C-alpha cells in the first residue's frame with residue numbers, strides 16, 4: 001500500500017506566476033508545498049516541504065518530468081531565465097511542447113527535508129510526494145510521467161502506487177532495480193564521501209566521487225574518441241588527457257551539490273526495487289546499448305514483466321547512460337509520438 005497521508009495544501013512560499021512567452025498563455029508557478037508523507041524508512045507520518053515548478057499552457061494537461069539525481073525542478077528554464085537541464089526537449093515548440101502541456105517537476109527530496117528525518121529516502125517516497133502534490137494542485141491525473149535515470153525509477157514507483165493518477169509512463173535509462181555492478185560502483189563512491197567526512201576533506205571527496213561517477217555515465221566509445229591522446233608531463237608527473245576532463249567535472253559539481261545530498265540520492269538508487277507485475281500503466285521504455293549503468297537486458301526484462309502494455313525503443317549512442325541528455329535529436333521524434341497525443345494535440 002502507498003505510504004501516503006492526506007496532503008496539506010498550505011503554501012510555505014508564495015507562488016510566482018509569470019508569463020513564459022509574450023505570444024502565448026504560458027505560465028510558470030514556482031513554489032514550495034508543505035505535505036504530509038509516510039516515508040518508507042521512517043517512523044510514522046512526517047511533514048516535508050516539496051519544492052516544485054509547474055510551467056506551460058494554462059489549463060493544459062500536466063506531464064511530470066524528472067531527471068537523474070543531479071537534476072532539479074528547472075526542466076525547461078532556470079529561475080534566472082537560463083536553459084534548464086532538458087530545455088532542448090522541453091519548451092515552447094519542443095518535443096514536450098509547453099504550448100500544449102504543463103510540465104510539473106520537483107527537486108528531489110532527501111531525509112533532511114523531512115521534519116522527522118527518515119533513515120533513508122526511497123523512490124517510493126519521491127513518487128508519493130509527487131502524487132500528493134498532484135492532489136494539492138488540483139491536477140487529479142497527469143497525462144504522462146517522463147522519467148530519466150532516477151526519474152525513470154520514480155516514474156515506475158509512481159505507476160505502481162498511484163496508477164489512478166497517471167495515463168502513461170515514459171522511462172529513459174531506468175529499470176525496476178539497480179544492477180548489482182552499478183550498485184558496486186556507487187557503493188565505492190559513497191565510501192569516498194564518508195572518508196571525506198571523517199578526514200575533513202569534504203570537497204575533495206565530493207569531487208573524486210563525481211569523477212568516478214562520470215566514468216560510469218559515459219560510454220567506452222566516447223572516451224576512446226575524446227581521450228586517446230598522449231599524456232603531458234607537468235607538476236612532477238604525467239597527466240593523461242582524461243584526467244583534466246574528470247577534474248573539471250569534479251570541480252564544477254562541488255560548486256552546485258553537497259555531500260549529504262549525493263549520499264542520500266545515490267543510496268536511494270540502490271534501494272530501488274519495484275515489482276514490474278504491479279505496474280498496469282501503458283509504458284514506453286527507451287534504452288541505450290552503450291549504457292553500462294542500466295544494461296539493455298534489464299529493460300528487456302522490465303518490458304517482459306510489466307503488467308500493462310509496454311514498448312521498448314533502442315537508440316544507438318556513444319554516450320552511455322548520459323545519452324538521455326545528449327541524444328536530443330533522436331529522442332525528440334519518440335517523445336513527440338507519446339507526449340502530444342497525451343496532451344490532446
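The values are calculated or read from the model by the stated rules, or taken from the named source; none is laboratory data. Just so it is clear, the model here is predicted, and its values are computed rather than measured. Backbone-built Cβ (ideal geometry, glycine too); neighbour counts: all protein chains shown.
Of the numbered conditions (1) in contact (Cβ under 8 Å) with a residue 24 or more places away in the chain; (2) outside the structural domain of residue 42 (by TED's automatic domain parsing); (3) within 27 Å of residue 322 (Cβ to Cβ), residue 197 satisfies every one except a single condition; which is it?
Status for residue 197: all satisfied but (3).
I'm trying to understand the selection: among the residues of the stretch 293-307, which are surrounded by fewer than 19 Cβ atoms within 10 Å (Cβ to Cβ), in contact (Cβ under 8 Å) with a residue 40 or more places away in the chain and either in a loop (DSSP other than H, G, I, E, B) or within 19 Å of the chain's Cα centre (by Cα) (or both)?
If the condition is that a residue be surrounded by fewer than 19 Cβ atoms within 10 Å (Cβ to Cβ), in contact (Cβ under 8 Å) with a residue 40 or more places away in the chain and either in a loop (DSSP other than H, G, I, E, B) or within 19 Å of the chain's Cα centre (by Cα) (or both), then 295 is the only one that fits.
Residue 313: assigned to a helix (DSSP H, G or I) and either modelled with pLDDT of 95 or more or surrounded by fewer than 18 Cβ atoms within 10 Å (Cβ to Cβ) (or both), yes or no?
Here the answer is no, as residue 313 does not meet what is asked.
Only one of 273, 258 is touching a residue at least 40 places away in the same chain (Cβ under 8 Å), surrounded by fewer than 17 Cβ atoms within 10 Å (Cβ to Cβ) and in contact with a strand residue (DSSP E or B) (Cβ under 8 Å, 6 or more places away or on another chain); which?
The conditions single out 273.
Pick from 172, 130, 156, 137: which is surrounded by fewer than 22 Cβ atoms within 10 Å (Cβ to Cβ) and either at pLDDT 95 or above or touching a helix residue (DSSP H, G or I) at 6+ places or on another chain (Cβ under 8 Å) (or both)?
137
Considering each of 68, 93, 42 in turn, give the residue that is over 26 Å from residue 337 (Cβ atoms) and part of a loop (DSSP other than H, G, I, E, B).
Unique residue meeting the criteria: 42.
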